[in-house]
Amino acid sequence: MAAKKTDLIPNMIETFKEFKETKNIDRTTLMSVLEESFRSVIAKIFGSDENFDIIVNPDKGDLEIYRNRTVVEDGQVTDENKEISLTDAKKIEDDYEVGEEVSEVVNFEKFGRRAILTLRQTLASKILELEHDSLYNKYKDRVGQVVSGEVYQMWKREVLVVDDEGNELILPKSEQIPADQYRKGETIRAVILRVDNENNNPKIILSRTSPMFLERLLEAEVPEINDGLISIKGIARMPGERAKVAVESYDERIDPVGACVGVKGSRVHGIVRELCNENIDVINYTSNIKLYIQRSLSPAHVSSINVNTEDHKAEVYLKPEEVSLAIGRGGLNIKLASMLTGFTIDVFREIGEDEAEEDIYLDEFSDEIDQWVIDSIKRIGLDTAKAVLNADREMLVEKADLEEDTVDDVLRILRAEFE
C-alpha cells in the first residue's frame, strides 16, 4: 500500500531531481539524503527511527514510509513506537497474532505542521551540504588550472565570478592586475589559486597575478611547452607591468626563446593583451648562476659579476651607460631579475682609473648629506659623486625615491666639490 503523498513530498522530489541535474549528484546520494532527512525528523518525533522503512524513488516521485511494530498482548505495550497491542493490530488485519510484526503505512502529513517545517529545514541544510561538497570536489584537484567565468558582481575588495554551472568563484583585489577593468556579464580568465574549505564552506580563490597564470597561458600558446620539449624554469612578474620568463629546451634543434616569442612576437601578443599589456622578457635558462644573473638583467650588458652563493647575493658591475638599463624604470628590471634568480643583486658603476682618481665616494659627504639619502642613492647603483652628477635628475627622484628638493641639494653639494 502506498502512502498518501502530500504536496510537500512531490515538491521535494522535484527539487531534488532539478538539483541532481544541475549539480551532477548521483542517484544513490540523492536517495540517501532524502532518507536521512526523513529519518532525522522521525527520530525526533518517536525517539528512534530503527523500526521505520523509508522507500524513496526520486525518478518517479514516490516516497513511502512504513513503521514496523511487534504485536503484544493487550495491556503489555511498553514502547508504543515499537509495540502494538493485539486489539489494535487486528484493526489493521484480522489474522495478526502475538509475536508477529505489523508493517503499517505512515502518512507524514499527520505529524503536523511543526514536523513538516523541521523536515524542510533539515532538507535545506542537507542540500546546502551537498552543494558545498559538490563545489569542493569539483575544484579541489584543479589548483593551477585556468578557468573561464562570467563576472557576476563587483565589490571593492573582490569580484564574484560564476562558472558554467553557476558555481561562485572569488577573484580578490590582491589577485587582480591593477589595470583590470570588469563589466558585469563579461567573460574573464584566471588561474585557480587555492581552494579553501573552512567549516565545510568551500571558497574557490582565483588569481590573475600569480606566475602560474602566465605559465598556463604560455603552455596553451606554445605547443613545444605543452609537448614537453621546452620547460619553464622560472617566472617573475610585476603584474600588468613586466615579467621575466626563463626557459630551457630539451631539444638542441629548438631555440626556446624564439619558440616562445614566435615570429614577430606572434605567440606572446595574445598573452600580453590578456595581461593588460604586461611586457614579457623571455631568456635562456642556465645552471651557471653568473650567466643566469647576467641574462636576467637584459637588456643591460654586464661587465663583471661577483657572486656569494651562501648569502645569495651578487655584485654586478656595469659601464655607466648600462646602469639605468639594469635598474629599469622604477627599479623594475633589477627587482624582476632578483625574483627570477633568487639572488639579491647590487649594481655598481664601473669607474676608469683616471676617473677614479678624480671621483669621490658618496660616503665622504656624510657630514653634508644625511646618511639615509646617501644609502638611497647607493641602492640604485650610484656610489660616487660623478656617478650621481652624470645621472638624470628625474631618474634620481624616481628610482631613489627622493623628494626633488633633496635631490637638488645633493647635486648642489656634489657640484661644489668639483668647482
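Looking at the stretch 143-175, which of its residues are under 11 Å from the mean Cα position of the chain (by Cα) and surrounded by 14 or more Cβ atoms within 10 Å (Cβ to Cβ)?
Answer for the stretch 143-175, where residues must be under 11 Å from the mean Cα position of the chain (by Cα) and surrounded by 14 or more Cβ atoms within 10 Å (Cβ to Cβ): V143, G144, V146, V147, L169, I170, L171, P172, E175.
Where in the stretch 1-120 are there helices (runs of 4 or more DSSP H), lying fully within it, with 1 or more residues that are at pLDDT 70 or above and open to solvent by 70 Å² or more (accessible area, probe 1.4 Å)?
27-46, 86-92
Quick one: count up the residues across the stretch 294-337 that are open to solvent by less than 10 Å² (accessible area, probe 1.4 Å) and among the hydroxyl-bearing types (S, T, Y).
Counting residues in the stretch 294-337 that are open to solvent by less than 10 Å² (accessible area, probe 1.4 Å) and among the hydroxyl-bearing types (S, T, Y) gives 1.
Taking the stretch 241-251 only, how many residues are open to solvent by 20 Å² or more (accessible area, probe 1.4 Å) and either among the charged types (D, E, K, R) or under 17 Å from E215 (Cα atoms) (or both)?
Total meeting the criteria: 5.
Would you point out the residue of the stretch 252-280, among those that are in contact with a helix residue (DSSP H, G or I) (Cβ under 8 Å, 6 or more places away or on another chain) and part of a loop (DSSP other than H, G, I, E, B), that is most open to solvent (accessible area, probe 1.4 Å)?
Among them, the one singled out is I254.
Would you mind stating whether A385 is surrounded by 12 or more Cβ atoms within 10 Å (Cβ to Cβ) and closer than 30 Å to R237 by Cβ?
Judged against the criteria, A385 is not a match.
Quick one: would you say V161 is of a type in the set (V, I, T), within 21 Å of C276 (Cα to Cα) and not in a helix (DSSP H, G or I)?
Yes; evaluated as a whole, the condition is true for this residue.
Against the condition in contact (Cβ under 8 Å) with a residue 12 or more places away in the chain, touching a Lys or Arg at 6+ places or on another chain (Cβ under 6 Å), of a type outside the set (G, A, S) and within 14 Å of L206 (Cβ to Cβ), how does V161 come out, does it pass?
Values: in contact (Cβ under 8 Å) with a residue 12 or more places away in the chain: yes; touching a Lys or Arg at 6+ places or on another chain (Cβ under 6 Å): no; of a type outside the set (G, A, S): yes; within 14 Å of L206 (Cβ to Cβ): yes.
No.
Could you please find all residues in the stretch 226-240 being open to solvent by 30 Å² or more (accessible area, probe 1.4 Å) and touching a residue at least 60 places away in the same chain (Cβ under 8 Å)?
I235, M238, P239
Condition test on Y96, is it touching a residue at least 60 places away in the same chain (Cβ under 8 Å) and aromatic (F, W, Y)?
The answer is no for Y96.
Conditions first: (1) in contact (Cβ under 8 Å) with a residue 24 or more places away in the chain; (2) among the polar types (S, T, N, Q); (3) out of contact with any strand residue (DSSP E or B) (no Cβ under 7 Å at 6 or more places or on another chain); (4) farther than 22 Å from S338 by Cβ. S376 passes all but one, so which condition is the exception?
Condition not satisfied by S376: (4).
Within the group E404, E417, which residue is among the acidic types (D, E), surrounded by fewer than 19 Cβ atoms within 10 Å (Cβ to Cβ) and at pLDDT below 85? Talk me through it step by step, then tell me what you get.
Numbers: E404 fails: at pLDDT below 85.
Checking each option against the conditions leaves just E417.
Go through the stretch 375-403 and give me each residue that's over 14 Å from R329 (Cα atoms) and more than 41 Å from the chain's Cα centre (by Cα).
If the condition is that a residue be over 14 Å from R329 (Cα atoms) and more than 41 Å from the chain's Cα centre (by Cα), then D383, T384, A385, K386, A387, V388, L389, N390 are the ones that fit.
If the Cβ limit is 6 Å and pairs must be 6+ apart or interchain, which residue in the stretch 383-407 that is within 26 Å of E358 (Cα to Cα) pairs with which residue that is open to solvent by 40 Å² or more (accessible area, probe 1.4 Å) and among the charged types (D, E, K, R)?
Partner pairs satisfying both residue conditions: V397/E404.
The values are calculated or read from the model by the stated rules, or taken from the named source; none is laboratory data. Just so you know, these numbers come straight off a predicted model, no measurement behind them. Note that each Cβ is placed from the backbone with ideal geometry, even for glycine, and that neighbours are counted across all protein chains shown. To get the accessible areas, we keep the full protein, side chains included, count just its heavy atoms, and leave off ligands, DNA and RNA. Shrake-Rupley method; radii C 1.70, N 1.55, O 1.52, S 1.80 Å.
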